[in-house]
1. When the residues of the stretch 125-151 are filtered to those that are closer than 15 Å to Pro35 by Cβ and among the hydrophobic types (A, V, I, L, M, F, W, C), which remaining residue is most open to solvent (accessible area, probe 1.4 Å)?
2. Filter the stretch 39-54 down to the residues that are in a helix (DSSP H, G or I), open to solvent by 60 Å² or more (accessible area, probe 1.4 Å) and not acidic (Asp, Glu) and list them by number.
3. Cβ-Cβ under 8 Å, sequence separation 6+ or interchain: first residue in the stretch 136-150 and touching a residue at least 40 places away in the same chain (Cβ under 8 Å), partner loosely packed, with under 12 Cβ neighbours inside 10 Å and in a loop (DSSP other than H, G, I, E, B). Which pairs?
4. Report, by residue number, each residue of the stretch 93-124 that is among the aliphatic types (A, V, I, L, M), surrounded by fewer than 19 Cβ atoms within 10 Å (Cβ to Cβ) and either under 11 Å from Leu9 (Cα atoms) or touching an Asp or Glu at 6+ places or on another chain (Cβ under 6 Å) (or both).
5. Given (1) closer than 20 Å to Cys145 by Cβ; (2) touching a residue at least 60 places away in the same chain (Cβ under 8 Å); (3) not aliphatic (A, V, I, L, M), identify the lone condition not met by Ser74.
6. Considering only the stretch 21-38, state which residues are at pLDDT 90 or above, over 29 Å from Ile77 (Cα atoms), in a loop (DSSP other than H, G, I, E, B) and not β-branched (Val, Ile, Thr).
7. Pairs, please: C-beta under 9 Å, at least 6 apart or cross-chain, first residue under 22 Å from Ala113 (Cβ atoms) and in the stretch 15-43, second open to solvent by less than 70 Å² (accessible area, probe 1.4 Å) and part of a loop (DSSP other than H, G, I, E, B)?
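The values are calculated or read from the model by the stated rules, or taken from the named source; none is laboratory data. Everything numeric here is computed off the predicted structure, so don't read it as measured data. FYI the Cβ positions are ideal-geometry reconstructions off the backbone, even for glycines, and counts take in every protein chain you see. These area figures cover heavy atoms from the full protein model, side chains too; ligands, DNA and RNA do not enter into them. Shrake-Rupley method; radii C 1.70, N 1.55, O 1.52, S 1.80 Å.
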Amino acid sequence: MAEEQIKTLVGLGLPEEQAKASVATYTADVAATHPVSCYYTHKINADADMDKVKAALKSYTENATKAKGKIHCSHTINEEHREVQCIEVMNSPSAMDNHIGNCFPSYVQMLGAGCVMEEINAIVHESEREWWAKSLSAWGAKKFCVTAALN
């Protein structure tokens with residue numbers, strides 16, 4: 001079963017290393033380390049299929065909500081600015097791996113419907129900053145910032 005899940009994620013374009021890390025979290029406990037706050041946006045292209053964008057975001061949100069280690073998530077479409085806006089709090093890097101595995105298929109649908117990753121801002125624990133910077137940089141956001149929390 002795990003090999004099939006990895007193959008599916010890789011077939012959608014997720015790097016194999018990340019697919020393996022994500023699938024490993026499906027059956028393991030996700031131990032909390034430090035909470036991470038993320039804000040990210042997707043620009044909605046002028047020629048986007050809004051019905052498909054909305055359907056993909058609904059699926060993405062359902063999957064994000066179910067992800068192990070997810071403390072909070074809130075997603076919306078800001079039609080005035082033509083953006084998908086997301087705020088999420090996770091409890092660890094393992095939670096991010098689980099989120100990726102659960103959400104990547106819907107994320108690919110959002111891209112196919114006419115969305116582009118625009119911005120990622122994350123506030124992380126200093127001891128995990130390098131890990132988060134590597135993980136989040138893979139999404140290719142035009143504006144990208146990972147900073148250490150003051151607390």
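1. Leu150
2. Lys52, Lys54
3. These pairs meet every condition: Ala138/Pro15.
4. Result: Val108, single match.
5. (2) is the only condition that Ser74 fails.
6. Result: Ala32, single match.
7. Tyr40/Trp139; Tyr40/Ala141; Thr41/Ala141
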